[in-house]
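Values quoted throughout were computed directly from the atomic coordinates according to the rules given, and no laboratory measurement underlies them. What you are looking at is a predicted structure, and each value in this text was computed from that prediction instead of being measured. Note that each Cβ is placed from the backbone with ideal geometry, even for glycine, and that neighbours are counted across all protein chains shown.
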Amino acid sequence: MTTKTKTILAFLTIFIIGFASGILISNTNMIGEDRDQSLITERGEGERWQQFRGGDRREQPERAQQRTLNRMAEYLELQEDQRDELFGKMREYRMQLRDEMREFRASERETIRTHYESFREEAAEILNREQIMRLDSFLHPDSVRHRRAMGDWERSR
C-alpha cells in the first residue's frame with residue numbers, strides 16, 4: 001500500500017470512529033429522566049424564542065405582513081405618501097385576485113363534478129348498485145374533499 005492510501009484509510013477510520021462515538025454518547029445522554037428534562041428544556045426554549053420573535057402566533061401573520069411591507073418600502077425607497085398609495089393598490093390587487101381564485105375554484109369543482117357524473121354513468125354499466133355506492137364514497141368529489149379536510153385520506157385506502 002502506498003502512503004497516500006494509508007493516509008486516506010486512517011482518516012476514514014478516525015472519522016467513522018468519531019461519528020459512531022458521537023452517536024453513542026448523545027444517545028446515552030437521552031436515557032430516562034435526562035430525556036424528559038431535555039424535552040422540557042426544548043419546550044422552554046421554544047417559548048422563549050416565541051417571546052423573542054414577538055409573542056403570540058395569532059399575531060404573527062399580521063406582523064409578518066407588516067415586516068414585509070416595511071422591507072418593500074425600504075427596498076423601493078418609498079416616501080410616506082407613495083407607501084400609503086402603493087399599499088392600498090396592493091390590497092385591492094390581492095382582493096381582486098382572491099375573488100377570481102374563488103370563482104375559478106368553484107368553476108373547477110363544477111367541472112370535476114360533471115366529469116365524475118359521466119364517469120359514474122359509464123361505471124354503472126359495469127358495477128352493481130353496492131359497488132357504485134362504494135365507488136361514490138371513495139371517488140365522488142364531495143367525499144374526496146370531505147376526507148381530505150378530515151385527514152382521513154390514508155385510512156380510506
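Can you check what the net charge comes to around Arg83, using other residues whose Cβ is under 13 Å from the Cβ of Arg83 (Lys, Arg +1; Asp, Glu -1)? Show your work: numbers first, answer last.
Working: positive: Arg71, Lys89, Arg91; negative: Glu74, Glu77, Glu80, Asp81, Asp84, Glu85.
The answer is -3.
Can you compute 3J(HN,Hα) from phi for each residue in the range 65-77, using the Karplus curve 6.51 cos²θ - 1.76 cosθ + 1.60 with θ = phi - 60°, rounded to whole Hz and x for Gly and Pro?
5, 5, 4, 4, 5, 5, 5, 4, 4, 5, 4, 7, 6
Whole-Hz ³J(HN,Hα) for each residue in the range 135-141, computed from phi via Karplus 6.51 cos²θ - 1.76 cosθ + 1.60 with θ = phi - 60°, x for glycine and proline: what do you get?
Here the 3J(HN,Hα) series is 4, 4, 5, 9, 10, 4, x Hz.
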